[in-house]
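> Got a structure for you, questions after.
The values are calculated or read from the model by the stated rules, or taken from the named source; none is laboratory data. Predicted model only: the values in this text are computed from it and were never measured. FYI the Cβ positions are ideal-geometry reconstructions off the backbone, even for glycines, and counts take in every protein chain you see.
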Amino acid sequence: MESTTVGLKTVGETTLRGKARRDQSLEELREHIHRYYIPLGRQYMVLFPEGGFLHKRKEVSQRFAEKNNLPKLEYVSLPRADKNFNQNNERLLEVKSGNSVEWILDVTIAYPDRIPLHLTDIVCGIRPACTTHVHYRLYPSSEVPSDTEGMTQWLYDRFIEKEKILEEFYRTGQFPSKSNTPLVFRPVRQDNVRYLILHLFFIASTFIQIKFFCSLLGCFW
């Protein structure tokens, strides 16, 4: 993913499908990383280990937790980190010329009244304005165990930690701090004028492209 003047530009998306095609999906991801991600000098990779929406994954996650002696989570679902996935992590991110993942940014989002923002809410603007709280934690990649069992447990621990963070937030309205140092709050306000200009730019550019192609077709029709 690359930051641009008009937003974010992605270099592809890979979905790790069900067990039957998991190995194929992982191989496609590894190939994509080596063919596009590294040669183009991309800086960020966004991962969703939970693999789906909470309201769809919660019941399955809790059944999995009960079966594997893990905590049943209410605010998040357990990551879909099976043995095959973690065994392939080292192979997926194995790169040449000293390139490697240096940091892992763990993001936890708290929504007003526990009601998440849906894509239709964002695109159509049908939901009243609200404040969404985002909690960040930064981990050096050296802290992540390289063995399969250790990596799996590390990932589970992060989501169990997310559960405690969200439980505290929805109870008190504040994220917990792990030390005596208070959390740093940085409000981010949306600039309506900027978004208006961007939308006008996209509308104008689309109109110009349509006119251009219509004129081009007119020359041959």
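> Go through the residues of region 204-218 one by one and say whether even a single one is assigned to a helix (DSSP H, G or I), within 25 Å of ALA65 (Cβ to Cβ) and among the basic types (Lys, Arg).
Looking only at region 204-218, we keep the residues that are assigned to a helix (DSSP H, G or I), and these are 204-218.
With within 25 Å of ALA65 (Cβ to Cβ) added as a condition, the list becomes none.
Checked region 204-218: no residue is assigned to a helix (DSSP H, G or I), within 25 Å of ALA65 (Cβ to Cβ) and among the basic types (Lys, Arg).
> Let me ask something else about it. Can ARG158 be described as charged (D, E, K, R), under 25 Å from VAL46 (Cα atoms) and not in a helix (DSSP H, G or I)?
On the way: charged (D, E, K, R): yes; under 25 Å from VAL46 (Cα atoms): yes; not in a helix (DSSP H, G or I): no.
Considered against the rule, which asks whether it is charged (D, E, K, R), under 25 Å from VAL46 (Cα atoms) and not in a helix (DSSP H, G or I), ARG158 comes out as no.
> Hey, another quick one. Looking only at region 132-152, count how many residues are more than 30 Å from ASP113 (Cα to Cα) and buried (at least 16 other Cβ atoms within 10 Å of the Cβ). Reasoning before the result, please.
If we filter region 132-152 for residues that are more than 30 Å from ASP113 (Cα to Cα), which is where we start, we get 140-152.
From what's left, buried (at least 16 other Cβ atoms within 10 Å of the Cβ): 148, 151-152.
Of the residues in that region, 3 qualify.
> Would you check which residues across region 168-201 are over 19 Å from THR108 (Cα atoms) and part of a loop (DSSP other than H, G, I, E, B) and list them?
Passing the criteria: ASN180, THR181, GLN190, ASP191.
> Could you pull out the residue among SER205, SER177 that is among the small types (Gly, Ala, Ser), under 29 Å from VAL101 (Cβ atoms), modelled with pLDDT of 80 or more and surrounded by 10 or more Cβ atoms within 10 Å (Cβ to Cβ)? Lay out the reasoning, then the answer.
On the way: SER205 fails: under 29 Å from VAL101 (Cβ atoms).
Being among the small types (Gly, Ala, Ser), under 29 Å from VAL101 (Cβ atoms), modelled with pLDDT of 80 or more and surrounded by 10 or more Cβ atoms within 10 Å (Cβ to Cβ) holds for just one of SER205, SER177, which is SER177.
Per-residue answers, yes or no, for (1) in contact with a Gly (Cβ under 6 Å, 6 or more places away or on another chain); (2) within 28 Å of ILE122 (Cα to Cα); (3) loosely packed, with under 10 Cβ neighbours inside 10 Å:
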{"residue": "LEU155", "(1), (2), (3)": "no, no, no"}
{"residue": "LYS162", "(1), (2), (3)": "no, yes, no"}
{"residue": "GLU167", "(1), (2), (3)": "no, yes, no"}
{"residue": "TYR170", "(1), (2), (3)": "no, yes, no"}
{"residue": "GLY173", "(1), (2), (3)": "no, yes, yes"}
{"residue": "PHE185", "(1), (2), (3)": "no, yes, yes"}
{"residue": "VAL188", "(1), (2), (3)": "no, yes, yes"}
{"residue": "TYR195", "(1), (2), (3)": "no, yes, no"}
{"residue": "LEU198", "(1), (2), (3)": "no, yes, no"}
